[in-house]
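Reviewing the structure listed below.
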Amino acid sequence: EAQVTQNPRYLITVTGKKLTVTCSQNMNHEYMSWYRQDPGLGLRQIYYSMNVEVTDKGDVPEGYKVSRKEKRNFPLILESPSPNQTSLYFCASTREGTETQYFGPGTRLLVL
Amino acid sequence: GQNIDQPTEMTATEGAIVQINCTYQTSGFNGLFWYQQHAGEAPTFLSYNVLDGLEEKGRFSSFLSRSKGYSYLLLKELQMKDSASYLCAVRDFTSGGYNKLIFGAGTRLAVHP
């Protein structure tokens, strides 16, 4: 089944404790993105990647890192999480030359 | 700058037609998307417009006017399962390339019997 998976789906952590949210797609898509979704603000792009080893900042990259060492994986790293990073996070992927973006199921993060 | 506006909430009756509007301001417009998002779930792609006019896909249609910076999503023969948030998103080339999408805050649609 073609899909985008994210882990974990739910996470409660404390300020300053490094964490990684994994994202994997099995559709051989070139483009991948990370978004956060907050009430009243909608989806905001954090980082995106156009292919292996090619990443760029979105609208709200501060406090986040990403890597794209393999085509299928695009992990989101929070080196020192803070409470303002409490949010719902979505990973998405798109095949080059097409418009349909496939979203993962979301990761709900709470930083205390 | 970039700005996307859509109504926060709408209500409609089962079987009716509803139109959700979206206005946008970007400097490098390169396409407009509509997504559906049910509560607690991921967004799913509904439509894409890059040229002016109406794109019809079953019960859903999407319209674009680039000169007016305006789009709407038209939902016909509403069903209870259409209760969801509808997200308008614009692709803006000046913001860094092909895959840079800017989303509106979403319109929460409630369909009642």
Pairs needed: first member in segment A:88-104, in contact (Cβ under 8 Å) with a residue 12 or more places away in the chain and farther than 19 Å from residue A:42 by Cβ; second member anywhere, acidic (Asp, Glu) and assigned to a loop (DSSP other than H, G, I, E, B); C-beta distance under 8 Å; at least 6 residues apart or different chains. A:95/A:30; A:96/A:30
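Could you check, for segment B:93-100, whether at least one of its residues is surrounded by 14 or more Cβ atoms within 10 Å (Cβ to Cβ) and part of a strand (DSSP E or B)? I'd like the intermediate steps shown before the answer.
Pass one, segment B:93-100, residues surrounded by 14 or more Cβ atoms within 10 Å (Cβ to Cβ): B:93, B:95-100.
Keeping just the survivors that are part of a strand (DSSP E or B) gives none.
No - not one qualifying residue is present in segment B:93-100.
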Applying the selection to segment A:53-99, what residues are in a loop (DSSP other than H, G, I, E, B), within 14 Å of chain B (Cβ to nearest Cβ) and over 14 Å from residue A:28 (Cα atoms)? A:58, A:59, A:60, A:61, A:99
Given A:86, A:107, A:55, which one is within 21 Å of residue B:86 (Cα to Cα), β-branched (Val, Ile, Thr) and surrounded by 15 or more Cβ atoms within 10 Å (Cβ to Cβ)? A:107
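Here is a list: A:73, A:84. Which entry is at pLDDT 95 or above and closer than 30 Å to residue B:47 by Cβ? Show your work before the answer.
Details: A:84 fails: closer than 30 Å to residue B:47 by Cβ.
It is A:73.
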Residue list for segment A:18-29, restricted to those being assigned to a loop (DSSP other than H, G, I, E, B) and either within 12 Å of chain B (Cβ to nearest Cβ) or farther than 20 Å from residue A:97 by Cβ (or both): A:18, A:29
For residue A:15, state whether it is more than 13 Å from every other protein chain (Cβ to nearest Cβ) and outside any loop (DSSP other than H, G, I, E, B). no
Residues of segment A:30-45 that turn out to be over 16 Å from residue A:5 (Cα atoms), at the interface with chain B (Cβ under 9 Å from one of its Cβ atoms) and in a strand (DSSP E or B), as a count: 5
Tell me which of these residue B:31 doesn't satisfy, since it passes every other one: (1) surrounded by 17 or more Cβ atoms within 10 Å (Cβ to Cβ); (2) within 12 Å of chain A (Cβ to nearest Cβ); (3) modelled with pLDDT of 95 or more. (3)
So, residue A:48, is that one within 11 Å of another protein chain (Cβ to nearest Cβ), more than 10 Å from the chain's Cα centre (by Cα) and among the hydroxyl-bearing types (Ser, Thr, Tyr) or not? no
For residues that are in a loop (DSSP other than H, G, I, E, B) and without any contact (Cβ under 8 Å) to a residue 12 or more places away in the chain, tally how many sit in segment B:24-44. 3
Within segment B:45-68, can you find the residues that are surrounded by 15 or more Cβ atoms within 10 Å (Cβ to Cβ) and either within 14 Å of another protein chain (Cβ to nearest Cβ) or without any contact (Cβ under 8 Å) to a residue 12 or more places away in the chain (or both)? B:45, B:46, B:47, B:48, B:49, B:55, B:62, B:64
Would you mind finding the one in B:64, B:78, B:54, B:73 that is closer than 19 Å to residue B:10 by Cα, among the hydrophobic types (A, V, I, L, M, F, W, C), in contact with a strand residue (DSSP E or B) (Cβ under 6 Å, 6 or more places away or on another chain) and not in a loop (DSSP other than H, G, I, E, B)? B:73
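The values are calculated or read from the model by the stated rules, or taken from the named source; none is laboratory data. Bear in mind the structure is a predicted one, so any value in this text is a computation, not a measurement. In this analysis, Cβ positions are derived from the backbone assuming ideal geometry, glycine residues included, and neighbour counts consider all displayed protein chains.
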